[in-house]
Amino acid sequence: MLGQISVLVNLLWSCRLLVSCAYTNTTDGTSIFYTEERTTSGIQRTFSCEGGNENLSDSYLDRIKQSEWTNFIPGVYYHGQASKIVSAKRADDPYIYSSHLCVNGESNPTGQIQLYDDGTNGDDVAGDGIFSRSCVHYCNDVVDFNDIYGFAYGLNLDGQEFVALDPSKKGTIPYKEIDTPLTPGARSFATSHAFFFADVNGKYFPNFPHVDGGTAFSPNDATSPTGKSVIISALLQIFGDVFDMITVTPLEGYVGGGIYKWQNWDRRGGPQPEQEIGNIDTCALGLTGVPPYRMTGGITMPNLSNSGEFEDWIHEVIHSVGGFEFHNIYGGARRGDGMHVPGSCTTDHSTLQGPVWDWVKGAPNAIPRVGGDPDLYGHGGVRLEAHSQCDSCDENDLAQCCSFRYKNRPSTKQEMMANPELCTMSPIMQYISGFIDFKDVPQNKRTYYCMGSDTDGGCGTEDFHEKQCVIPVNDDDPNAVTSTFVQRFTLNQLVKANGGKRFPAKKFKVIRHATALVSARLPTDAEIVFNTLFWRQQEIATEPWERVVDDSNVKKYPFDAWNFHTRGHSIIHSRLHGIDCGGNSDNIPSCSSINTAVCADQPCGPGAVCKPFDGQPLCMCREGLVGDGYECAFPTETVKYESLSSAYSISSDCFPDNNVWTQFTPESSIPPYPGGMVGYSPTSCFNFGVCPVGWRCNRKRGCLKPLSKQSCEGKGYNKGECLAIGCCRWSNGTCLKKEGTSNTCPAISKEPDPFTCRDLSTDCYFECKNLKYDADSQAFSQEGNCGQKCYTVAKDCQGTRHPEVHILTDGYYTNHEFYQYDDEDGPFNIQGEDKNMYDRCYRACVLNVQKEYGSDKFLLNVVVKNDFAKIKSCNWLAKRPEAKKRKICVNKNLYARGYKPAQIVCPETCGPYLDEAKAAFSPLN
């Protein structure tokens, strides 16, 4: 108190001597800054408007003109300062309506804030169609920092989040500007938990924040140009391939929410060698040289300070870790829209499931909440639960015997904590997502039901519905809901249909995540601090956060917590390595933990190296292998990354017209996998650069090869993990250095044989995964085609690289020359009587007609207790009894460490059972 009085006295004394002064004038002690000037008519007071009267560049204003969104610049401000509103297309209604907004230091709201396009009140250019108002802030009496984790208050105003930040947080978050040679013209900043990409020159997102500029971030964009690759490229160049997922969020404007799914490393589907690589992956790889093997999803979301949008972010994270195709693959379960858990089923009540839709009207008409409780948040509605007696009902009598009840979806923290089963991931979803083992799914949570019409599947009375909902449902009593259609299925049935038990079960206990915030201007200190604190909070939050009321006096939906949503089985780890956390961060584990014991229980998969990294284990596939650290494979098992074009050759496909990059990092200087810069990469070695995974770092000598004894012995490896190292042997239950090897452990070099043709007279000369088929034009094109005389493509089975290949029904193009199939001088050098390469590749790649060779090896099984892969040949399979043969062909369908299942390797022996195998199994995406 004494210090505050002293400051106030000094300020008042200064006012006597000077013509201006600053003083405190709020009930909570927050400083609001004014200037005062003595005139003949008295003292004239003016609000100084710190932070809320910035002049905007002409290029930025040009982009705003095309936008339909209101922008607060900045979107986060320190309480006691102010912001500026900028909005186009407001001539008919130049007002922002809110009972909580004030201007120019005023404390009493008027209910509306007028915007101007006359060059006054902060408007930059008169008559340009952009309406503005400077010095906008929340009225002092409404700001309650308990709204957002105790340090901020925010509302959604005119479609945009506007946040007031506790001024005591100013200067508490260190941030660093990092030079990224791969993104010249943009400026990148990093804090311990947030990455900021400022495209200040409009080079990479020339339309952003135009509403259509959001298409550059489109979650499922598979066409060029794709802006998301720019941000991912910058992150990978700095930190290396250490992220399971990346969330891209704008600081202004709006982007739609969604997820772009990348490779799936679950052993049920293996590394998906036939999955086409998308342009986001292609551009990010070509521009960084770092294959993003680890990433399972790129997420785009609007501003996540809106708790409803954050709930939707959790929805996308579940897609990333668990997908949702397990219902689709089992015919006895309801499919819904094919992407989400149908509301008419009891399988899971996480954010991946919407409400129960009206049984006649369908979506978007939700069943009203029980008891007349209004749905104030748009996240309410009801869940469907089966009564316990349903489990004892006869299968043929379910509709008469089994009834259900409606349960309100929790919408407050108290309700969520009391009823987690109604708003978090069910045991089956935890299992599907790799958080728990199969045995940990409770016995009473292994039976599921669907009832009524498939209202998630497109039925209803709205104009867009394709059909009517015709199955009767009686819900007069919300505790005894019945229908003429009731369906029952079990966990075992789902698991069997999806290819067997989930591997691995420990993958996403820690999700390594990065958030990238994109803007067309430099971020402010308040925006940097707020977003960093926000993502730090996600690392430590274990339960929902209750919010205060909005400007309509309605309580806001709580902030959910990922750890709570997973029932404590997973955490979000958004730490950016090598960036100082600053003071007051001891409560953030990734900022303070030096726990080196996190690798003690060997959390990684065979062939991987575990490294304590910012308080959590980081699993990386050792030199010579690639993968996510839980499932490691030879590079040739994966999508043909090595056949992709160079950064320079594909740059025009990755950026808008006339905005290609002008500078490139020489690919020869790109560090080894996992990439990254010194100081930020997980394998940094002082000033010596970045080491290969598994190598040692010596302060004086730099990167040194790993010692075989240290690599093999005393690690607690099981048999599968031991043999995957490459220089170890398994003896009497112990992993030892392989006899006769040198002291150093060399890189794994046991690559599968290069692609060859078994029969040059009948085979397709190209691997199917390197061909793209266009049914409309009846033509194949080669993956990685990069123009005339461009040889950065995969070899054919004769070891030749052919530039720009297109295979037609009557001939083929390569290197911009056309050849007939019977041309003996043609570069394909086709052998045999039937030289039509189109027909050969169509049979192999479209009809999937494969030859079988008795010596070919397939994966029979992976022994879970020791990760040991059992390998057998097609000759061995052919000699098995028919019952055994059928079981192997239909049910044994895992991929691992270079080997495929019998149904793929031995198509002739498995021929009688292939249709059954295809019906029973399809890899999850």
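Assorted remarks:
- For Asn474 and Ser761, the difference between the fully extended length at 0.36 nm per residue and the C-alpha to C-alpha distance is 96.7 nm.
- Cβ crowding within 10 Å averaged over residues, with 428-434, 393-399, 406-412 ranked highest first: 428-434, 406-412, 393-399
- Summarising the amide proton neighbourhood of Cys703: residues at separation of 5 or more, or on other chains, whose placed amide H is nearer than 5 Å comprise Asn698.
- Per-residue SASA entry for Met339, accessible area with 1.4 Å probe, Å² rounded to 10: 100
- Karplus-derived HN-Hα couplings along the stretch 233-240 (A = 6.51, B = -1.76, C = 1.60, θ = phi - 60°), whole Hz, x at Gly and Pro: 4, 5, 5, 5, 5, 7, 9, x
- Spin-label pair Asp144-Ala399: with each label point 7 Å from Cα along the Cα-Cβ axis, the two points sit 5.1 nm from one another.
- Of the listed residues Tyr791, Tyr60, the order by accessible area with a 1.4 Å probe, largest first, is Tyr791, Tyr60.
- Dipole magnitude for the stretch 435-507: about 980 debye, using +1 per Lys or Arg Cβ and -1 per Asp or Glu Cβ, origin at the Cα centre.
- Across the stretch 165-178, computed HN-Hα scalar couplings (Karplus, 6.51 cos²θ - 1.76 cosθ + 1.60, θ = phi - 60°) run 9, 4, x, 5, 7, 4, x, 8, 10, x, 9, 9, 7, 10 Hz from first to last residue, x flagging Gly and Pro.
- Between Ser107 and Glu543, the simple spin-label model (points 7 angstrom out along Cα→Cβ) gives 3.6 nm.
- Total formal charge among the other residues, if their Cβ is under 11 angstrom from that of Glu385, Lys/Arg +1 and Asp/Glu -1: +2
- In the stretch 308-456, the convex hull through the Cα atoms has an average projected area of 9.4 nm², a quarter of its surface area.
- Computed from the C-beta positions of Tyr773 and Gln820, the FRET efficiency with R₀ = 25 Å rounds to 0.75.
- Unsatisfied cross-links (Cα-Cα over 19 Å) in the set Lys611/Lys737; Lys857/Lys884; Lys496/Lys892; Lys611/Lys715; Lys851/Lys872: Lys611/Lys737
- Across every direction, the projection of the convex hull enclosing the Cα atoms of the stretch 774-876 has a mean area of 9.6 nm².
- Rg/Rg_ref, the stretch 518-605, where Rg_ref = 2.2 N^0.38 Å and atoms are Cα: 1.38
- The stretch 379-508: C-alpha gyration tensor shape, a/c 1.5 cut-off, then a/b vs b/c: prolate
- Theoretical FRET efficiency, 1/(1+(r/R0)^6), r = Cβ-Cβ of Asn587 and Ala418, R0 22 Å, to 0.05: 0.25
- Packing rank of 71-80, 755-764, where each peptide gets the mean count of other beta carbons within 10 Å, highest leading: 71-80, 755-764
- Distant-in-sequence amide H partners of Phe868 (H built 1.01 Å from N, under 5 Å): Gly720, Val863
- A protection proxy built from the mean count of other Cβ atoms within 10 Å ranks the segments 526-538, 701-713, most packed first, as 526-538, 701-713.
- Proximal lysines to Lys170, defined as alpha-carbon separation beneath 23 angstrom and excluding residues fewer than eight positions away on the same chain: Lys84
The values are calculated or read from the model by the stated rules, or taken from the named source; none is laboratory data. Remember, it's a predicted structure, so these values are computed and weren't measured experimentally. Here the Cβ is made from the backbone with ideal geometry for all residues, glycine too, and neighbour counts use every protein chain on show. These area figures cover heavy atoms from the full protein model, side chains too; ligands, DNA and RNA do not enter into them. Shrake-Rupley method; radii C 1.70, N 1.55, O 1.52, S 1.80 Å.
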